[in-house]
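> Could you have a look at this structure, given as structure tokens, before my questions?
The values are calculated or read from the model by the stated rules, or taken from the named source; none is laboratory data. All of these numbers come straight from a predicted model, not from anything done at the bench. Cβ: placed from backbone, ideal geometry, glycine included. Neighbour counts: every protein chain shown. With ligands, DNA and RNA removed, areas are computed over all heavy atoms of the protein, side chains included. Shrake-Rupley method; radii C 1.70, N 1.55, O 1.52, S 1.80 Å.
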Amino acid sequence: MAVFRSGLLVLTTPLASLAPRLAPILTSASRLVNHTLYVHLQPGMSLEGPAQPQSSPVQATFEVLDFITHFYTGAEAHRNLDVRILLTNIRTKSAFLPPQPISVQNLAHPPEVVLTDFQTLDGSQYNPVKQQLERYATSCYSCCPRLASVLLYPDYGTGELPMEPMDVPLFSTIRPASPVARSPKQPVRGYQRGAVGGTFDHLHNAHKVLLSVACILAQEQLVVGVADKDLLKSKVLPELLQPYSERVEHLSEFLVDIKPSLTFDVIPLLDPYGPAGSDPSLEFLVVSEETYRGGMAVNRFRLENGLEELALYQIQLLQDLSHKENEEDKVSSSSFRQRMLGKLLRPPHRPELPPSLYVIGLTGISGSGKSSIAKRLKDLGAFVIDSDQLGHRAYAPGGPAYQPVVEAFGTDILHKDGIINRKVLGSRVFGNKKQLKILTDIMWPVIAKLAREEMDRAVTEGKHVCVIDAAMLLEAGWQNMVHEVWTVVIPETEAVRRIVERDGLSEAAAQSRLQSQMSGQQLVDQSHVVLSTLWEPRITQRQVEKAWALLQERIPKTHQALD
């Protein structure tokens, strides 16, 4: 069966009876489409008549909003699909805008295949119906020249796909914040301008529900606040957040795809209120269950400043049925970022190294738990080189760095027995960039040479993976010594707590130590794999085992010599 990169799913079954069929429809679609699946709602449309079928407006009701949420919820089981429900022909009962002229819409990913749940009387792939489907699709959207078509039969009775009971109603997922009696068929009110906000990191199905509801409610303009700077500090694994520009790019593409008739004002959100708290022209705000209190705070702020309250629409959280022990039970970006831990984020380096040895550079800020990660990797079979131990060897009397350091900093840095007093030396260079550079210019090349000797020893011992444990790996420029950089990250507040507890330093001294190093974000920006010791030891162990297993799959066969 052919797999296409993008497809258009035209749903013709009435929404009330379509809901129980969503699971098999999505399962069938996921077999054919590998990336973007656009969904076009046209309930009640027939493809069997001689006349060209025409797109007709769909009344925006609470049933439609609930159906959209239900569809995105079902899509969570098929994460290979980037599902986008197109809202072009969904209209609120509003006189704000004249009827839109019929035109062909350009999508970010032109569909290569068009699918439908339309069922022919004899249950066959009836050729004229497929031709009508293709003509209809190309009259609405700009598709690939050689558009293929497939008729899906979610209730074809083979038993291959599970069927849900037909009388299961759609659960209510969207409601105005002020409780009002409503029926599923009740029309949704339209507004000229409204707002929605969020981090929108690694755009997922819960984001898409939030944005879709906002796009249906708005008739002219939607203001979208995207959290940035201070609002990101409390996020889980902020180092793995997509950059603001990347989040905006993906968000904008999605918005223009689902409702191109709207004007979108995407702006950075730098405080909890944003434009929703100060723009007098806004009429509504879409919030989630967890940000509902924030929406109420926005309204209080508006009232205090003489502005009218916004109509609040609250979206029920989507449950993540596959969440792990340390992840949230809702669909969230933080869980996505946790799943990135241990995975390869960018292609490895290909430096000139011993052909039978694959080298990992392990780094992280002070207190990150880097040494515990190194020990776990050693237990899994890696040859570990501790750069701190190499530094001690280099400093020792007779060591390769001993005489150059004494000549550079004087004999007053020595103990009576002639051993370098590292505390005295440290106080000499700490906070003095010029003195620190003199020291690192001596030490870093020496440690690098010793590390290469250890790598040769690893080859001699038959090891195929070597880990260089080095806090200053990137500062020293040792990227050319490793195939991959692995970074261990934790929040700075946790690092300070650990340093104080471990080394007996004051909080100020611990913070000063961290400020003299590259930040976690700077390290991650140059890393291939990221790990974290923020959770319980068993969680860390699972991360390391996952990273190790994935490493074994990708390292060249020439490095797969048995230990």
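> I want to confirm something. Restricting to the range 93-131 and keeping residues that are acidic (Asp, Glu) and surrounded by 10 or more Cβ atoms within 10 Å (Cβ to Cβ), which single residue is modelled with the lowest pLDDT?
Of everything passing the filter in the range 93-131, 117 is modelled with the lowest pLDDT.
> Being under 35 Å from the mean Cα position of the chain (by Cα) and either under 29 Å from residue 461 (Cα atoms) or surrounded by 20 or more Cβ atoms within 10 Å (Cβ to Cβ) (or both) narrows it down to one residue among 390, 377; which is it? Don't jump to the end; show me each part of the working.
Numbers: 390 fails: under 35 Å from the mean Cα position of the chain (by Cα).
Of 390, 377, the one residue that is under 35 Å from the mean Cα position of the chain (by Cα) and either under 29 Å from residue 461 (Cα atoms) or surrounded by 20 or more Cβ atoms within 10 Å (Cβ to Cβ) (or both) is 377.
> Of everything in the range 523-556, what is touching a residue at least 12 places away in the same chain (Cβ under 8 Å) and among the polar types (S, T, N, Q)? Give them in sequence order.
Residues satisfying the conditions are 526, 527, 532, 533, 540, 541, 543.
> If residue 488 passes every condition in (1) modelled with pLDDT of 95 or more; (2) touching a strand residue (DSSP E or B) at 6+ places or on another chain (Cβ under 7 Å); (3) surrounded by fewer than 23 Cβ atoms within 10 Å (Cβ to Cβ) but one, which one does it miss?
It fails just one condition, (3).
Residue by residue, here is whether (1) at pLDDT 90 or above; (2) part of a loop (DSSP other than H, G, I, E, B); (3) aliphatic (A, V, I, L, M) holds:
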residue: 134; (1), (2), (3): yes, no, no
residue: 139; (1), (2), (3): yes, no, no
residue: 143; (1), (2), (3): yes, yes, no
residue: 157; (1), (2), (3): no, yes, no
residue: 162; (1), (2), (3): no, yes, no
residue: 178; (1), (2), (3): no, yes, no
residue: 181; (1), (2), (3): no, yes, yes
residue: 192; (1), (2), (3): yes, no, no
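> Let me ask you something else. Just the residues that are open to solvent by 10 Å² or more (accessible area, probe 1.4 Å) and closer than 25 Å to residue 203 by Cβ, please, taken from the range 5-21.
5, 15
> Which of the residues belonging to the range 20-76 are within 19 Å of residue 130 (Cα to Cα), touching a strand residue (DSSP E or B) at 6+ places or on another chain (Cβ under 7 Å) and β-branched (Val, Ile, Thr)?
Of everything in the range 20-76, those that are within 19 Å of residue 130 (Cα to Cα), touching a strand residue (DSSP E or B) at 6+ places or on another chain (Cβ under 7 Å) and β-branched (Val, Ile, Thr) turn out to be 33, 39.
> Please determine, by comparing only the residues of the range 296-310 that are open to solvent by less than 30 Å² (accessible area, probe 1.4 Å) and either within 12 Å of residue 278 (Cα to Cα) or modelled with pLDDT under 95 (or both), which one is farthest from the chain's Cα centre (by Cα).
Result: 302.
> Further question: Tell me which of these residue 493 doesn't satisfy, since it passes every other one: (1) hydroxyl-bearing (Ser, Thr, Tyr); (2) open to solvent by 40 Å² or more (accessible area, probe 1.4 Å); (3) not in a helix (DSSP H, G or I).
Result: residue 493 fails condition (3) only.
> Sticking with this one: Across the range 521-540, what is the total count of residues that are open to solvent by 10 Å² or more (accessible area, probe 1.4 Å) and part of a loop (DSSP other than H, G, I, E, B)?
6
> Still on this structure, please answer the following. Would you check which residues across the range 311-325 are open to solvent by less than 40 Å² (accessible area, probe 1.4 Å) and closer than 30 Å to residue 538 by Cβ and list them?
If the condition is that a residue be open to solvent by less than 40 Å² (accessible area, probe 1.4 Å) and closer than 30 Å to residue 538 by Cβ, then 318, 320 are the ones that fit.
> May I pose another question? Going through the range 329-348 one residue at a time, which ones are farther than 16 Å from residue 553 by Cα, open to solvent by 70 Å² or more (accessible area, probe 1.4 Å) and in a loop (DSSP other than H, G, I, E, B)?
Once the filter is applied, which keeps residues that are farther than 16 Å from residue 553 by Cα, open to solvent by 70 Å² or more (accessible area, probe 1.4 Å) and in a loop (DSSP other than H, G, I, E, B), the range 329-348 yields only 329.
> Are there any pairs with C-beta distances below 7 angstrom linking a residue in the range 73-88 that is under 10 Å from residue 35 (Cα atoms) and modelled with pLDDT of 90 or more to a residue that is in a strand (DSSP E or B) and of a type in the set (Val, Ile, Thr), with the two at least 6 apart or on different chains, and if so which?
81/33; 82/36; 83/39
> Still on this model: May I ask you to verify whether residue 276 is surrounded by fewer than 17 Cβ atoms within 10 Å (Cβ to Cβ), more than 23 Å from the chain's Cα centre (by Cα) and either part of a strand (DSSP E or B) or in contact (Cβ under 8 Å) with a residue 24 or more places away in the chain (or both)?
Criteria not met by residue 276.
> Go through the range 364-423 and give me each residue that's closer than 26 Å to residue 522 by Cα, acidic (Asp, Glu) and free of Cβ contacts under 8 Å to residues at least 60 places away in the same chain.
Once the filter is applied, which keeps residues that are closer than 26 Å to residue 522 by Cα, acidic (Asp, Glu) and free of Cβ contacts under 8 Å to residues at least 60 places away in the same chain, the range 364-423 yields nothing.
> Further, regarding this structure: Can you give me the number of residues within the range 295-319 that are within 18 Å of residue 222 (Cα to Cα), aliphatic (A, V, I, L, M) and in contact (Cβ under 8 Å) with a residue 60 or more places away in the chain?
Result for the range 295-319: 4.
> Does residue 517 meet the test of being open to solvent by 70 Å² or more (accessible area, probe 1.4 Å) and either touching a helix residue (DSSP H, G or I) at 6+ places or on another chain (Cβ under 8 Å) or over 21 Å from residue 358 (Cα atoms) (or both)?
Considered against the rule, which asks whether it is open to solvent by 70 Å² or more (accessible area, probe 1.4 Å) and either touching a helix residue (DSSP H, G or I) at 6+ places or on another chain (Cβ under 8 Å) or over 21 Å from residue 358 (Cα atoms) (or both), residue 517 comes out as no.
> Enumerate the pairs (first residue in the range 222-251 and within 20 Å of residue 532 (Cβ to Cβ); second residue anywhere and assigned to a loop (DSSP other than H, G, I, E, B) and of a type in the set (S, T, N, Q)) with beta-carbon separation below 8 Å, excluding pairs fewer than 6 apart on the same chain, so at least 6 apart or on different chains.
Going by the 8 Å Cβ cut-off, the qualifying pairs are 232/199; 235/199; 241/199.
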